[in-house]
Amino acid sequence: MSTAWYGLEDKVVVVTGGSRGIGLELAKALVVQKAKVVICGRKKEGLDAAVSAIGGGDRVIAVAAHIAKEEDVSALFDAAVKAFGRVDVLINNVGMNLLTASVIDTEPATWTKIIESNLTGTFLCSRKAAMLMREQKRGRIISISSIAGRKAAPAMGIYGIAKAGIDMLTRVLAFELAQFNIQVNAVAPCMVKTDFSKPFWSNDDLRAQIEKGIPMGRIAEVDDVIHPVLFLCSDKAEFITGQVLVVDGGTLA
């Protein structure tokens, strides 16, 4: 990752799903930026490994939390405030998908699991963060969305619906919270090379098929997503709110 500086020194940033994938790399980048970082995940062993990988000493804490459970979300933010005194930025990064045949043939339990993990969790964390930020009269909320929220794709139906919900939640919260100097935005990438998407990009035939649909001819790297997120966290994005920044190599074009 480049050493571009975003002026995030001593900012307190909560990163959901920070124990792996994009969330883990975001946490590492934030430590390089000298921010104070709170990560969450559901499994303690994964969090312990992440804290070790991130480094940062006492500038990083990890909290076990299921973000679709309101009591866990409250505990997460209580821990952040106890450790660092406030929350300046929330990055809603948790996302999951269970590949399905079609929406109408999917069991309701699968629908609920995908919607809760992606959309409900984003709502609960954003709600709690906004309550704190409203008192501070300042804050940033950034959600990791997806172009799946704008473009239907096989086996991605419910995931896409959840991400479309995140896009609208972003706009609604931006409208409601602007008066409190809270900026709310999202970053919507195409497929990114992480363990989450490895079954696709690690298969030569599938990867070639995917890359044909991306004008820039490659699948996104994690850094392609991290830099836009860091920019939206920074004071350089002071007058940007309610936006969903698409990072897709021209796919939707």
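Read-outs: derived from the displayed coordinates by stated rules, not from any lab. Quick caveat: nothing in here was measured; it's all calculated off a predicted structure. We place every Cβ from the backbone using ideal geometry, glycine too, and count neighbours over all the protein chains shown.
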**Prompt:** Here are some pairs, 137/236; 43/128; 69/128; 36/113; which of them have Cα atoms lying more than 20 Å apart in this structure?
**Reply:** 43/128; 36/113
**Asked** Okay, helix-only estimate at 222 nm for the chain: each DSSP H run of n ≥ 4 adds -39500 (n - 2.57), divide by all residues, round to 500 deg cm²/dmol; what do you get?
**Response** -13500 deg cm²/dmol
**By average C-beta atoms within 10 angstrom, highest first, the peptides 65-74, 205-214, 123-132, 136-145** = 136-145, 123-132, 65-74, 205-214
**Prompt:** Semi-axes of the equivalent ellipsoid of the chain: what are they in whole Å, largest first, if each equals the square root of 5 times a C-alpha gyration tensor eigenvalue?
**Reply:** 27, 20, 19
**Fill in**
In the chain, helical segments from DSSP H whose Cα atoms cover 27 Å or more along their own axis and that average at least -1.0 on the Kyte-Doolittle scale are 157-177
**Request:** Set the Förster distance to 41 Å, then compute FRET efficiency between residue 200 and residue 74 from the Cβ-Cβ distance, nearest 0.05.
**Result:** 0.70
**Asked** Could the peptides 226-236, 18-28 be put in order, highest first, of the mean number of other beta-carbon atoms found within 10 Å of their residues?
**Response** 18-28, 226-236
**Asked** In whole angstrom, how far apart do the alpha carbon centroids of the range 189-222 and the range 131-158 sit?
**Response** 21
**Derived scalar couplings ³J(HN,Hα) [the range 55-60; Karplus, 6.51 cos²θ - 1.76 cosθ + 1.60; whole Hz; x for Gly, Pro]** = x, x, x, 7, 8, 10
**Asked** Shape call for the range 1-137 from the C-alpha gyration tensor, a ≥ b ≥ c root eigenvalues: rounded (a/c under 1.5), prolate (a/b greater than b/c) or oblate?
**Response** prolate
**Request:** Equivalent ellipsoid semi-axes for the range 45-102, as square roots of 5 times the alpha carbon gyration tensor eigenvalues: give them largest first, rounded to whole Å.
**Result:** 25, 16, 10
